[in-house]
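Here is the structure we will look at, set down as C-alpha cells.
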Amino acid sequence: MRNLLNFLARYNNLIIFLFLEGIAFYLLSTGNNYHNSRLLNGVRGITNRIDAKIYNTKSYLSLHQINESLAGENVALKNKIAQLVRQENSLFFSANDSVHKQQYTHASAEVIENSINKQKNFFTINKGESQGIKVDMAITTESGVAGRIVGCSRNYSVAMSVLNLDFKLSARIKSNGYFGSLSWDGRDYRYAILSEIPQHVLVNVGDTIETTGYSAIFPEGVIVGTVSDYEKYGGDFYKISVLLMTDFKKLHFVDVIGNMKKTEQLNLEKLYK
C-alpha cells in the first residue's frame, strides 16, 4: 500500500494530465461530429493496417502448406491425364487389365537436401519405399528434368542430379527430332552438353531440347532446356550447350515418375542385345 501511495505521489501530475487529456478527447469526439468522424477514421485506419499485417504474416506462414497442396493436386492431374491419353490411344486391352490406360505414375515429393557445387551431385527427397518410390524412377520439376532415383530407404530416397558427371540422358532437338546424349561437364550448374548431333543438322540458338523416352525412365517430351550455343566438335558432330530449364539452386518440390511397363520393356530388349 505504501508503494502505491509513493507511486501516486511521485507521478500525480502525470496521472492528472493523462486523466484530463482523456476527458478532453472524449468531449471532443462526442461533442463534435467532425472530430468524432476523424477520430473514428484514424482508429479504423490503424486497426486495418494491423489486421493487414497479421493477415500477411499468416499467409506467409501458410505458403509451405499451400505449396504441398498444389503439388499434390498437380500430381493427381498428371495421373488423370496419363490415364486419359492412354485410353484414347488404346485399341486392344484385356478386360481384366485395370492399368491399361496408364503407363506412368506420378508422386509429389519435397527436396530436403541438395548439392550443386560438386562434380557428382545428389539430392534427397522425403519419400521412400513406403510411398512407392523405387530405384530408376525419373524426377522432374514443373520446369524440366531434375534427376533419377538411385537409392531408397523406408521414407527417403536419394537421386542422382543432372549435375552429376555420371548422369546421362537421351535427349533430342524438338524442332527436327535429331537425338543425342545429354550430360553435365562439371562446370556451370546452369548448363549441360548435348553431343552426338550430326553437323548436317540445322541447329539454332533457342531450340528446345526434350527427352526422347528411349531410356524407359523418362517419359517422352519432358523439357530439358534450350540451345544457348553450339560449335563443331571433331569431324562429324556438334557440341551443343543447353541452358537447363530447372534451377537447381531453387530445387524444392519435385515430381517422381515411375514407368509401369519398364520391366517388360527392358526384359524384351535384353533378348536382342
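The values are calculated or read from the model by the stated rules, or taken from the named source; none is laboratory data. Since the model is a prediction, treat every value here as computed from it, not as a measurement. As a convention, Cβ positions derive from the backbone with ideal geometry for all residues, glycine included, and neighbour counts pool all protein chains shown. We work out accessible area using only protein heavy atoms, side chains counted, and drop any ligands, DNA or RNA first. Shrake-Rupley method; radii C 1.70, N 1.55, O 1.52, S 1.80 Å.
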(message) Rounded to the nearest 10 Å², what accessible area does residue 18 have for a 1.4 Å probe in the complete protein model?
(response) 100 Å²
(request) Go through 134/250; 168/262; 120/174; 168/239; 127/168; 134/262 and tell me which ones have a Cα-Cα distance over 20 Å in this structure. (result) 134/250; 120/174; 127/168
(message) Sort 262-273, 187-198 by the packing proxy (mean of other Cβ within 10 Å over each peptide's residues), most packed first.
(response) 187-198, 262-273
(request) Sticking with the crude label model, points 7 Å out along Cα→Cβ, report the distance from residue 6 to residue 21 in nm, one decimal please. (result) 2.6 nm
